[in-house]
Every structure is written in structure tokens, then in C-alpha cells.
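**Student:** One structure coming up, written as C-alpha cells, with questions to follow.
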Amino acid sequence: IYLYPGSSSGPDTDAAPVTVVLPDDITAEPDTLLTSFVVMTDTHVSKSTSFIYNRTFKQAMEDIIETMPEAEFMINLGDTVNNGWYSEYQMLQRLIKRYQRLAPEQYFLMGNHDMLLNKGDPEIQIQMWEEATGMPNVYYSFVKQGYSFIVLGSEGQEAGELATDEAWFSEDQLSWLKEELAAAEARDPDLPIFVFSHQPLQDTGPGTNNSLIIQNDELEEI
């Protein structure tokens with residue numbers, strides 16, 4: 001997997017890419033699709049229909065509908081809106097409904113921009129996010145074709161206690177994660193388990209020398 005830096009103008013293919021090498025033991029029967037799902041992130045929807053990210057989001061949805069009809073679902077890894085404003089969540093809700101009938105089923109994560117960059121009341125931000133996305137909580141799980149998918153999300157703290165890009169996971173969420181992992185393994189110990197988080201664990205890729213997850217060590221141990 002090659003990841004190139006870029007902008008709205010396109011990828012910067014002259015720059016050195018970040019490469020992700022898959023383990024040798026990941027194999028599948030040739031031409032046999034086991035399952036498929038769409039991953040997108042940082043859609044940063046704005047209240048303005050002409051905003052570049054809004055236009056990109058629409059184009060992405062149309063591309064997915066046209067070229068990936070076999071996808072089981074799609075998941076947005078967070079920063080669904082740009083500033084965490086109510087007007088942006090209203091726009092997001094309209095965009096979700098616009099493609100609901102034709103697109104794969106959609107799941108969402110809570111990002112730091114959704115949380116008003118940790119500057120507002122986390123309960124209010126989470127409520128707006130849940131109402132717009134239809135998600136039951138900032139952390140939840142689901143099963144598709146026997147595969148287990150676990151979603152983690154920052155629950156925030158009092159305004160001003162977190163940096164604008166940090167995530168905070170409660171002890172309840174971490175205990176729940178242990179139970180979900182055990183249940184997923186019990187369902188089928190031979191299948192991989194997918195765990196999603198907007199903020200990455202420390203030292204798992206470029207720019208992760210300092211963790212943005214307050215409970216990084218506890219999460220990594222789990």
C-alpha cells in the first residue's frame with residue numbers, strides 16, 4: 001500500500017510515499033473476494049455547499065456508488081464535519097440522506113473536529129454527532145459476514161482539558177473493548193478483528209511519535 005502526500009490538486013507523486021507492507025501470512029484464494037468495505041476519513045463537511053470538502057465528499061460518494069456495488073458497508077473514520085458546528089451537522093445529515101438509498105450502509109467515528117476541537121461541551125458535541133450520523137454511541141461494534149468491527153471514539157473532557165487534537169477514552173470504554181475483543185474471538189478465532197480509531201496509537205506510522213490518545217498505553221496493552 002502506497003500513501004502519497006497531496007492536496008485538492010492531486011497527489012504529490014514526486015515525494016517519497018509512505019509504504020505499508022502487509023505480512024506474508026495474509027493470503028487468499030486468487031480471484032475470490034472474501035469481503036469488502038469502504039474506508040474514508042476527514043470529510044470535514046462545512047455548512048457551505050460550495051466548500052471544497054463538501055464537493056469532494058459528493059464526488060467520493062458518487063464514485064463509490066458507481067464503482068463499488070459489492071461493498072458491504074462504508075466507514076468514515078472521523079472529522080466528519082469541519083468545526084463541530086450545528087449548521088455543519090445539519091449539512092452532514094442532508095448529505096447522508098441524499099446517498100442513503102444507493103450507497104453502502106454507512107458507519108461513522110467521532111473525530112476531534114467533530115468534538116469542536118475539544119473546546120466545547122463534549123455531551124453537546126456527541127449528541128449533535130449522534131443525531132446527524134445515526135450512530136448509537138461514540139463507541140460501538142457490529143458484525144458483517146462473520147467479521148467483527150469495533151469502533152472507538154473520544155468521549156472528551158471538560159472544555160480546555162484536552163489539546164485540540166487529543167482523544168480521551170473512559171475506563172468504561174476500555175473495559176467494553178476487552179469484552180468485545182473476547183466476544184469476537186469466541187465467535188471465530190480464525191477471523192481477523194477490525195478496530196477503528198480516529199487518533200492512531202503511538203509509533204504506528206508517520207507523525208505518531210507523540211500519542212494523541214490520553215490512554216495510549218492502556219489501549220496498546222489491550
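**Student:** Could you name the lysines in cross-link range of LYS119, using Cα to Cα under 26 Å and dropping any fewer than eight places away on the same chain?
**Tutor:** LYS47
**Student:** Can I ask one more? Can you check what the net charge comes to around GLU155, using other residues whose Cβ is under 11 Å from the Cβ of GLU155 (Lys, Arg +1; Asp, Glu -1)?
**Tutor:** On the way: positive: none; negative: GLU123, GLU171, ASP172.
Net of charged neighbours comes to -3.
**Student:** Right, next: Which whole-number percentage describes the relative contact order of the chain, with Cα contacts under 8 Å and a sequence gap of 6 or more?
**Tutor:** Numbers: 358 pairs, mean separation 31.9, N = 222.
Relative contact order comes out at 14 percent.
**Student:** Something else: Determine ³J(HN,Hα), in whole Hz, for all residues of the stretch 171-182 in sequence, where each value follows from phi through the Karplus function 6.51 cos²θ - 1.76 cosθ + 1.60 and θ = phi - 60°; x replaces Gly and Pro.
**Tutor:** 5, 4, 5, 5, 5, 4, 4, 4, 5, 5, 5, 5
**Student:** Calculate, for the chain, the solvent-accessible area per residue in square angstrom, rolling a 1.4 angstrom probe over the heavy atoms of the protein chains. Don't skip to the answer; put the middle values down first.
**Tutor:** Details: 12740 Å² over 222 residues.
Averaged over the residues of the chain, the accessible area is 57 Å².
**Student:** Select from the stretch 142-181 those GluC sites (Glu not before Pro) which occupy a DSSP coil region and have at most 12 other Cβ atoms within 10 Å, ordered by residue number. Mind dumping the intermediate values first?
**Tutor:** Numbers: sites: GLU155, GLU158, GLU161, GLU166, GLU171, GLU179, GLU180; in loops: GLU155, GLU158, GLU161, GLU166.
The qualifying sites are GLU158, GLU161.
**Student:** Which percent of the accessible area of the chain is formed by carbon and sulfur heavy atoms (probe 1.4 angstrom)? Please report the intermediate quantities before stating the final value.
**Tutor:** Working: 6270 of 12740 Å².
The value for the chain is 49 percent carbon and sulfur by accessible area.
**Student:** Something else now. For Rg and Dmax of the Cα atoms in Å, the choices are (1) 23.7, 81; (2) 24.9, 87; (3) 17.9, 52; which was calculated from the structure?
**Tutor:** Among (1) 23.7, 81; (2) 24.9, 87; (3) 17.9, 52, the one derived from this structure is (3).
**Student:** Taking amide hydrogens as modeled 1.01 Å from N in the peptide plane, which residues meet the under 5 Å criterion relative to ILE213, leaving out close sequence neighbours?
**Tutor:** For ILE213, whose amide H was placed from the backbone, the distant partners under 5 Å are ALA167.
**Student:** Using the Cα centre as the reference, give the magnitude of the dipole from point charges on the C-beta atoms of the chain (Lys, Arg: +1; Asp, Glu: -1; all else neutral), rounded to the nearest 20 debye.
**Tutor:** 1200 debye
**Student:** Here's another thing I want to ask about it. Are there any trypsin sites (Lys or Arg not before Pro) in the stretch 76-171 that are in a DSSP loop and have at most 16 other Cβ atoms within 10 Å? List them by number. Mind dumping the intermediate values first?
**Tutor:** On the way: sites: ARG94, LYS97, ARG98, ARG101, LYS119, LYS144; in loops: ARG101, LYS119.
Passing sites in the stretch 76-171 are ARG101, LYS119.
**Student:** Continuing with the same structure: Contour minus end-to-end for GLU171 and LEU33, with contour as 0.36 nm per residue of separation and end-to-end as the Cα-Cα distance? All intermediate terms of the calculation are to be shown ahead of the outcome.
**Tutor:** Values: separation 138, 0.36 × 138 = 49.68 nm, distance 3.76 nm.
Gain in length upon complete extension: 45.9 nm.
**Student:** Hey, which aspartates and glutamates would be in cross-link range of LYS178, C-alpha to C-alpha under 19 Å, not counting anything within fewer than 8 residues on its own chain?
**Tutor:** GLU155, ASP188, ASP190, ASP217, GLU218, GLU220, GLU221
**Student:** Once amide H atoms are placed 1.01 Å from N in the peptide plane, what residues at a sequence separation of 5 or more from SER148, or on another chain, have their amide H within under 5 Å of its amide H?
**Tutor:** Here the answer is PHE194, since their amide H atoms fall under 5 Å of that of SER148.
The values are calculated or read from the model by the stated rules, or taken from the named source; none is laboratory data. The structure presented is a predicted model; accordingly, all values stated were derived computationally and were not measured. Every residue, glycine as well, gets a Cβ built from its backbone with ideal geometry; the counts of neighbours run over all protein chains shown. These area figures cover heavy atoms from the full protein model, side chains too; ligands, DNA and RNA do not enter into them. Shrake-Rupley method; radii C 1.70, N 1.55, O 1.52, S 1.80 Å.
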